[in-house]
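This report refers to the structure that appears directly beneath it.
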Amino acid sequence: MKVLYVEDEKFLADAVKHNLGKEGFDVDLAYDGEEGMEKAVSAIYDAVILDVMLPKYSGLEILADMRKRKVQTPVIMLSALSEVEDKIRGLEVGADDYLAKPFKTAELAARLRALMRRPAKIQERCLKFGDLTYDLDEKTLNGVSLTQKEAGIMAELMRTPEKLLPKEFLLNKVWSDEAFEDNYIEVYVSRLRKTMRKLKCSVSIVSVRGMGYKIVRNDV
Ligand code: CA
């Protein structure tokens with residue numbers, strides 16, 4: 001289970017990552033609101049843990065941004081015990097759960113597991129570009145199912161169409177802590193291209209001189 005934890009107290013963040021790791025969670029960290037917001041809108045996480053007080057953007061702002069973009073990844077808000085108002089506001093903005101600081105990792109792990117057991121929300125979470133629609137929940141491209149890695153790459157490309165995404169960015173994003181080799185991307189992109197050819201869609205993935213990839217319309 002892949003989890004994003006946005007926390008500016010680095011010591012706490014690193015400790016929680018370590019402890020949740022032992023419980024079988026694959027934790028990605030962001031140390032400020034800006035980085036957190038960028039990562040939180042990505043479709044690769046099963047859950048997001050947001051501290052409320054963060055530099056740049058608050059946890060509440062990140063959550064509001066996620067929900068505005070129809071990103072329905074379950075969110076647990078973290079805040080100091082006294083901040084009851086934060087809890088109310090967090091739940092109003094669309095948090096799925098709330099945990100007061102300080103907390104035990106076992107408690108956080110239990111909450112995360114509980115979130116995962118909830119029935120999936122039925123929402124339209126789609127990224128559209130040209131005649132291509134990528135469904136973030138179903139991981140389908142115009143209805144065709146993609147593998148986990150293909151889906152990860154496609155989600156990134158579709159989120160920022162026409163923008164060049166460096167190979168390293170995609171590798172880090174999609175493979176994260178797993179071992180990978182440089183040519184993995186080529187393999188998966190070629191599979192995606194094959195799928196897209198079959199779909200006869202009017203957009204394609206182009207590579208830019210070994211630097212990276214972007215998704216573009218064929219007619220421009
Ligand atoms: Ca904080």
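The values are calculated or read from the model by the stated rules, or taken from the named source; none is laboratory data. Being a predicted model, the structure only gives us computed values, none of them experimental. Note: ideal-geometry Cβ built from the backbone for every residue, glycine included; neighbour counts use all protein chains shown.
Please tell me if residue 173 is surrounded by 12 or more Cβ atoms within 10 Å (Cβ to Cβ) and either among the hydrophobic types (A, V, I, L, M, F, W, C) or modelled with pLDDT under 95 (or both). Taking the combined requirement at face value, the residue satisfies it.
Might you check whether a residue that is within 23 Å of residue 35 (Cβ to Cβ) and touching a strand residue (DSSP E or B) at 6+ places or on another chain (Cβ under 6 Å) occurs anywhere in the range 181-201? No: the range 181-201 contains no residue that is within 23 Å of residue 35 (Cβ to Cβ) and touching a strand residue (DSSP E or B) at 6+ places or on another chain (Cβ under 6 Å).
Among the residues of the range 3-25, those that are surrounded by 16 or more Cβ atoms within 10 Å (Cβ to Cβ) and away from the ligand (no atom under 16 Å from the Cβ) comprise 3, 19, 20, 25.
Limited to the range 36-74, what total is found for residues that are away from the ligand (no atom under 16 Å from the Cβ), of a type in the set (Asp, Glu) and free of Cβ contacts under 8 Å to residues at least 40 places away in the same chain? Residues meeting the conditions: 2. The residue that is nearest to the chain's Cα centre (by Cα), among those in the range 75-84 that are under 19 Å from residue 112 (Cβ atoms) and more than 14 Å from the ligand (Cβ to nearest atom), is 75.
Going by what's in this entry, would residue 132 be described as on the phi < 0 side of the Ramachandran plot and free of Cβ contacts under 8 Å to residues at least 40 places away in the same chain? For residue 132, the condition - on the phi < 0 side of the Ramachandran plot and free of Cβ contacts under 8 Å to residues at least 40 places away in the same chain - is not met. Annotation note: of 159, 118, the sole residue that is closer than 17 Å to residue 38 by Cα and in contact (Cβ under 8 Å) with a residue 24 or more places away in the chain is 159.
Quick check on the range 177-200. Is at least one of its residues loosely packed, with under 15 Cβ neighbours inside 10 Å, under 13 Å from residue 213 (Cα atoms) and of a type in the set (D, E, K, R)? Looking for residues that are loosely packed, with under 15 Cβ neighbours inside 10 Å, under 13 Å from residue 213 (Cα atoms) and of a type in the set (D, E, K, R), one finds at least one in the range 177-200, hence yes.
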